[in-house]
Structures are given as C-alpha cells and as structure tokens.
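All of the numbers you see were taken from the coordinates with simple rules; none came from a lab. Quantities reported herein were computed from a predicted structural model and do not represent experimental measurements. Here Cβ is always computed from backbone atoms with ideal geometry, including for glycine, and neighbour counts include all displayed protein chains.
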Amino acid sequence: MERHILKTNGLKKIYMMGKVETPALSGVDITVKKGEFVALMGPSGSGKTTFLNLTGMLDNPTDGKIHIDGFDISALKESKKSLFRLEKLGFIFQFFNLFPELTALENVYLPMMLKGIKKKDYISRAEELLDLVGLKKRMRHYPAELSGGEQQRVTIARALSNSPALILADEPTANLDSTTAAEIMELFREINKQGETIFMVTHEKEFGEKADRIIKLKDGLVVN
C-alpha cells in the first residue's frame, strides 16, 4: 500500500469579517504520496496560501482533518505543534526568511541545533547540504552578501536539514529572475529524485508543470 505523507479530508476555513463569514476553503480533499512533487495552483484568492498555512500549522482549520506522515495534526495541542513542525516539515518561503545576523551555515544548522543534534554532526550536515545546493564556497557569507537565488538555495538547504517528511514551498520562485527561477526548479527536481516529498504553491504555469502533478483550486475548492 502506498504511503500518504499529506492527506486532508473536508478541510474548511472560514474567516470572519465583522459579522460576515468569508469562506477561504470549502471542503478540500487532497492526498500527496511519499516521494511525490505536487504543485498547487489557482487564481489569486483561490485558497492556495490558506491551504499551505493550515498544512504548516500556521493557522487552524474551521473544520476537517489534516494528516501528515500518519499523524492527525488537527488533534495536536498548540504546545506540540512547534516540535512537530521542527521534526516533520521543511519550509521554503517566497521571501526566504533567513536570519540576517547568521551566516548561511548558521541558518542551515539552526533547526538541527534546536532539535538537540550534536554540534559536530549538525555542522557537518549543514556543510553537506550547502554543498548539495551549490553554495560550498558561500557558506560563511551573510544573507545580505548573497543574491536572491543564493538566499533561496540556503532556504532549501535549511528545509532539508532535519530530514523532513514533507517540504512545503510557498511561491519559491516569485522573487527571482526567470533564469534563477528555472535553476531553483531544477534543484527542486533533483531533491525530489532523491526521495523528498514536495508540496509547492505557485501561480507560474511553467514551473507548476515541472511537478509530477498539478492540483487546481478555485474559490476554495479543488476543480480538477
């Protein structure tokens, strides 16, 4: 039986605007298998970011279930969510979200340090990951000394640091020029070939087509 890394059932999210209910998701069922590279696409306001925020436990659903790597995260207490995110999820953000006062190496090993991995092991692992993303000679540089593409590569290395069950990528090419964006997508494919499960939100059709499968949202519903 194939293993599901991400599975949602009847996922709903309603925002209250004063006394008016505004549905962002209206019962979304999505399944992602281990090793898949899936792109979530749809027009602005379709619910893509809401879905990613719920999956990453950055927000709570109004109704429905979310299972990640077999765990029902909807049932997790708030105190347990940070540890779950640290151990099971890797995040790649549109705006990189690197710590400006830390070097590339330090940004990558921080999640491993927080997890309690031994210093020599987390430094060695961070160096390996930065080499993997092509930044072997830039690991001692700070984010301000790196290009946008290099910063995104650091973010990818950091997302891989704790060997997550699922990588969540939010518009990872949105702030990059077309050439750099294409390079980042090729890196995603290489990482996926090594067995990583990737769930990516994007509005760019040419990059969505790099994934194994595209799921389309419209008005808070899956339409394909």
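For region 192-199, what does the Karplus curve 6.51 cos²θ - 1.76 cosθ + 1.60, with θ = phi - 60°, yield as ³J(HN,Hα) per residue in whole Hz, taken in order and with x for Gly and Pro?
Residue by residue, region 192-199 yields 5, 5, 7, x, 6, 8, 10, 10 Hz.
Taking the simple approach of a point 7 Å from Cα along Cα-to-Cβ for both LYS118 and LYS80, what is their distance in nm?
Computed distance between label sites LYS118 and LYS80 equals 3.0 nm.
In sequence order, what are the phi-derived ³J(HN,Hα) couplings for region 206-211 according to the Karplus relation 6.51 cos²θ - 1.76 cosθ + 1.60 with θ = phi - 60°, rounded to whole Hz, with x for glycine and proline?
In residue order, the calculated couplings are 5, 8, x, 6, 6, 6 Hz.
Just in region 141-224: which trypsin sites (Lys or Arg not before Pro) are loop by DSSP and have at most 10 other Cβ atoms within 10 Å?
none
Give, as ranges by residue number, the residues of region 92-135 whose backbone N falls under 15 Å from the point 7 Å along Cα→Cβ of ALA144.
98-104, by backbone N distance to the label point.
Starting from the amide H of GLU36, placed 1.01 Å from N in the peptide plane, find each other amide H under 5 Å away whose residue is 5 or more places distant or on another chain.
ILE198
Convert each backbone phi in region 106-115 into a coupling constant with the Karplus relation 6.51 cos²θ - 1.76 cosθ + 1.60 (shift: θ = phi - 60°), then list the ³J(HN,Hα) values in order as whole Hz, x for Gly and Pro.
5, 4, 6, 7, 4, x, 6, 5, 5, 7
Give, as a single signed number, the net charge of other residues whose beta carbon lies under 12 Å from the beta carbon of ILE215, with Lys and Arg counted +1 and Asp and Glu -1. Before the final figure, lay out the partial values.
Details: positive: LYS48, ARG213, LYS216, LYS218; negative: ASP29, GLU36, ASP212.
Value of the local net charge: +1.
How about region 10-52: which trypsin sites (Lys or Arg not before Pro) there are in a DSSP loop, with at most 10 other Cβ atoms within 10 Å of their Cβ? Mind showing how you got there, number by number?
On the way: sites: LYS12, LYS13, LYS19, LYS33, LYS34, LYS48; in loops: LYS19, LYS34.
Answer in residue order: LYS19.
Just how far, in whole angstrom, is region 102-125 from region 172-214 if you go by their alpha carbon centroids?
Cα centres, region 172-214 to region 102-125: 25 Å.
Over region 96-224, what is the relative contact order in percent, taking alpha-carbon pairs closer than 8 angstrom and at least six residues apart? Each step should come with its number before you reach the end.
On the way: 140 pairs, mean separation 29.1, N = 129.
Relative CO of region 96-224 lands at 23 percent.
What fraction of the DSSP beta bridges in the chain is antiparallel, stated in percent and rounded to the nearest 5? If you can, show how the numbers build up before the last one.
Details: 20 of 36 bridges.
If I count the DSSP bridges inside the chain, around 55 percent turn out antiparallel.
Tell me the mean residue ellipticity at 222 nm calculated for the chain from its helices only (DSSP H runs of n ≥ 4, each -39500 (n - 2.57), averaged over every residue, nearest 500). Before the final figure, lay out each step's value.
On the way: 7 runs with 78 residues, N = 224.
The per-residue figure over the chain is -10500 deg cm²/dmol.
How many nm is it between the label spots at VAL20 and GLU206, if each spot is 7 Å from the Cα in line with the beta carbon?
A separation of 3.8 nm, rounded to one decimal place.
Charges at C-beta only: +1 for Lys and Arg, -1 for Asp and Glu. How large is the resulting dipole of the chain about its Cα centre, in Debye rounded to 20? It would help to have the intermediate numbers written out before the result.
Details: 32 positive and 30 negative charges, 129 e Å.
Charge dipole of the chain: 620 debye, to the nearest 20.
Region 81-148: which GluC sites (Glu not before Pro) are DSSP loop and have at most 11 other beta-carbon atoms within 10 angstrom?
GLU101
Based on the alpha-carbon gyration tensor of region 150-224, what equivalent-ellipsoid semi-axes (square roots of 5 times the eigenvalues) come out, in whole Å, largest first?
Details: eigenvalues 85, 50, 26 Å².
So the equivalent ellipsoid measures 21, 16, 11 Å along its semi-axes.
What is the set of long-range amide H partners of ALA24 at a cut-off below 5 Å, with H atoms built 1.01 Å from backbone N?
Amide H neighbours of ALA24: LYS13, ILE14, TYR15.
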